[in-house]
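Student: After the structure tokens below, expect a handful of questions from me.
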Amino acid sequence: ESLRVALERGDLVNSILVKPASFEKLREDVEKKTVKPKVYIASQQVISAVCGFFSRGILAAAQVPVATSDTLLRTVSEATSTFRLLALDGCNDVSNIGALVRTAVALGKMFLAVI
């Protein structure tokens, strides 16, 4: 879901390593991009071996916008509805970070701050 959001938002996605079934779900979003990412199709086992831990089957390299503290504070002060803030400080386990980000996306209206 995070990759789909990045594609829709217009972030520059450089490359994607993905299982065949997962790519079919993303194909339309990838094909809409003016600058198309390099897409590599591989099995679950290959993807997990490449990244060094169990992966859900999608890895991507992208350039996403970085919010400054001023931008974050302005966005929070202009919010017209409630939201949640997830702040990660000193978290260095990639599996834990991935699980936290997926949970944040599922909850919606989430700001993520990695300190």
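Student: If we scan the stretch 10-27, do we find a residue that is of a type in the set (D, E, K, R) and over 17 Å from the mean Cα position of the chain (by Cα)?
Tutor: Yes, the stretch 10-27 contains a residue that is of a type in the set (D, E, K, R) and over 17 Å from the mean Cα position of the chain (by Cα).
Student: Select from the stretch 34-52 the residues that are surrounded by fewer than 11 Cβ atoms within 10 Å (Cβ to Cβ) and either farther than 30 Å from residue 21 by Cα or in contact (Cβ under 8 Å) with a residue 24 or more places away in the chain (or both) and list them in ascending order.
Tutor: 38
Student: OK, next. Would you mention how many residues in the stretch 11-28 are surrounded by fewer than 11 Cβ atoms within 10 Å (Cβ to Cβ) and either within 23 Å of residue 107 (Cβ to Cβ) or among the aliphatic types (A, V, I, L, M) (or both)?
Tutor: 1
Student: Okay, next question. Mind checking whether some residue in the stretch 103-112 is hydroxyl-bearing (Ser, Thr, Tyr), out of contact with any helix residue (DSSP H, G or I) (no Cβ under 7 Å at 6 or more places or on another chain) and either open to solvent by 60 Å² or more (accessible area, probe 1.4 Å) or modelled with pLDDT under 75 (or both)?
Tutor: Yes, that holds for at least one residue.
Student: Still on this model: Which condition breaks for residue 65 when tested against (1) under 14 Å from residue 7 (Cα atoms); (2) open to solvent by 100 Å² or more (accessible area, probe 1.4 Å); (3) touching a residue at least 12 places away in the same chain (Cβ under 8 Å); (4) not hydrophobic (A, V, I, L, M, F, W, C)?
Tutor: The one condition residue 65 does not meet is (2).
Student: Given 78, 31, 8, which one is modelled with pLDDT of 75 or more, of a type in the set (Asp, Glu), open to solvent by 50 Å² or more (accessible area, probe 1.4 Å) and out of contact with any helix residue (DSSP H, G or I) (no Cβ under 8 Å at 6 or more places or on another chain)?
Tutor: 31
Student: Please enumerate the residues belonging to the stretch 7-18 that are over 20 Å from residue 42 (Cβ atoms) and out of contact with any Pro (no Cβ under 9 Å at 6 or more places or on another chain).
Tutor: 8, 10
The values are calculated or read from the model by the stated rules, or taken from the named source; none is laboratory data. For clarity, every value in this text was computed on a predicted model and none was experimentally measured. Every residue, glycine among them, receives a Cβ derived from its backbone with ideal geometry; neighbour counts consider all protein chains shown. All accessible areas refer to the heavy atoms of the entire protein, side chains included, with ligands and DNA or RNA removed. Shrake-Rupley method; radii C 1.70, N 1.55, O 1.52, S 1.80 Å.
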